[in-house]
1. Looking at region A:116-134, I want the residues that are in contact (Cβ under 8 Å) with a residue 12 or more places away in the chain and have a partner that is of a type in the set (Asp, Glu) with Cβ atoms under 6 Å, at least 6 apart or on another chain. Which pairs are those?
2. Counting just the residues of region A:87-134 that are among the β-branched types (Val, Ile, Thr) and within 8 Å of chain B (Cβ to nearest Cβ), which one comes out farthest from B:Gly48 (Cα to Cα)?
3. Here are some residues: B:Val47, B:Val73. Which one is in contact with a helix residue (DSSP H, G or I) (Cβ under 9 Å, 6 or more places away or on another chain), more than 16 Å from A:Ala127 (Cα to Cα), within 9 Å of another protein chain (Cβ to nearest Cβ) and assigned to a helix (DSSP H, G or I)?
4. Tell me which residues, restricted to region B:78-101, are surrounded by fewer than 18 Cβ atoms within 10 Å (Cβ to Cβ) and either under 21 Å from A:Leu75 (Cα atoms) or more than 8 Å from chain A (Cβ to nearest Cβ) (or both).
5. Going by the structure shown, is B:Leu133 free of Cβ contacts under 8 Å to residues at least 12 places away in the same chain, of a type in the set (A, V, I, L, M) and within 9 Å of chain A (Cβ to nearest Cβ)?
6. Could you grab me the full set of residues in region B:77-110 that are hydrophobic (A, V, I, L, M, F, W, C), in a helix (DSSP H, G or I) and over 20 Å from B:Ile138 (Cα atoms)?
7. Let me confirm something: among A:Arg94, A:Arg107, A:Arg87, which residue is within 14 Å of B:Thr53 (Cα to Cα) and among the charged types (D, E, K, R)?
8. Residues that are under 20 Å from B:Gln74 (Cβ atoms) and in contact with a helix residue (DSSP H, G or I) (Cβ under 9 Å, 6 or more places away or on another chain), at least 3 per element: which helices (runs of 4 or more DSSP H) completely within region A:28-134 meet that?
Amino acid sequence: MPHPAEHVQIDILRSQLGQVRGLGAARAGAGHWWSQRLTALALVPLTLWFICAAIRLEGASRANIAGWLHAPVPLVLMLCLIAATFRHLELGLRVVIEDYVHQNPARLTLLLGQRVICILLALFCFAATLELGL
Amino acid sequence: MTDVRDALMVGRSSDGKLVRRPLSPHLQVYRWPVSMALSISHRVTGVGLGIGTLLLTWWLVAAATSDAAFAAVQGFLASWLGVLLLLLWAAALIFHLFTGIRHLVWDAGYGFDDHVYRITGWGVVAVTAAVILIVWIIGLVVW
């Protein structure tokens, strides 16, 4: 007779349950991990550059901003910053939601919603930057 | 076992016996080491910076749209709430940057020794505080 505290009763076939519920590896974890790190690495210099640029642009007019983005280097760096920022944000928010929101309507809504918002914001930023710089 | 999700909380110990997995982290039980506080702050600032991208998008789109739209965003950024948000945004960005670099070093396989862990943790706190102060001062002086 096992000790009551050590005795664990299993009345569910775990592997079959896991299959039905779609649990287990999604086969996309390594891609997510790698993409998160690559964007992080790119954002280290881009963020430092953007902090300096933001300070220099304090009180700038629309013409100043357009003039600044008209040169190829700031324009390309800005586009890189936007791409890396929103990709990194989308991956990070996804992990946070997956970790803390467990009830399904809310979970799926947030996971899809944050992705849509990240993509839309990135496109808005791309469009505005190109409009100003080109 | 009434909730089917309990089935996921069952594992085998090294001698093959079925055991309930312990649930971790025990936030109410642990003493808070610096790394734990930095880890959760990294997430909090990450989400905060995500919300901050709304401000960046508003600024860029307004600048690309019209003088009136741009005057509105500049007016908001010059208000006390706008300045406060910009200062917090800069602080969150710098903090997330340095804790993020610490994460990248771990990903490369370094810095896991107990004493190194604590040194880099407090080092990040010190560097972050210093850089935030410098950026705030330069930002406010230029403004």
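Every number in this text was worked out from the coordinates using simple rules, so none of it is lab data. What you see is a predicted model; the values in this text were computed from it and never measured. Glycine gets a Cβ as well: all are built from the backbone with ideal geometry, and neighbour counts include every protein chain shown.
1. What qualifies is A:Cys118/A:Glu90.
2. In this case the residue turns out to be A:Thr129.
3. B:Val47
4. Scanning region B:78-101 gives B:Ala78, B:Ser79, B:Trp80, B:Leu81, B:Gly82, B:Val83, B:Leu84, B:Leu85, B:Leu87, B:Leu88.
5. No: the conditions fail for B:Leu133.
6. Correct list: B:Ile101, B:Leu104, B:Val105, B:Trp106.
7. A:Arg87
8. In region A:28-134, A:29-56, A:62-70, A:104-133 are the helices (runs of 4 or more DSSP H) which contain 3 or more residues that are under 20 Å from B:Gln74 (Cβ atoms) and in contact with a helix residue (DSSP H, G or I) (Cβ under 9 Å, 6 or more places away or on another chain).
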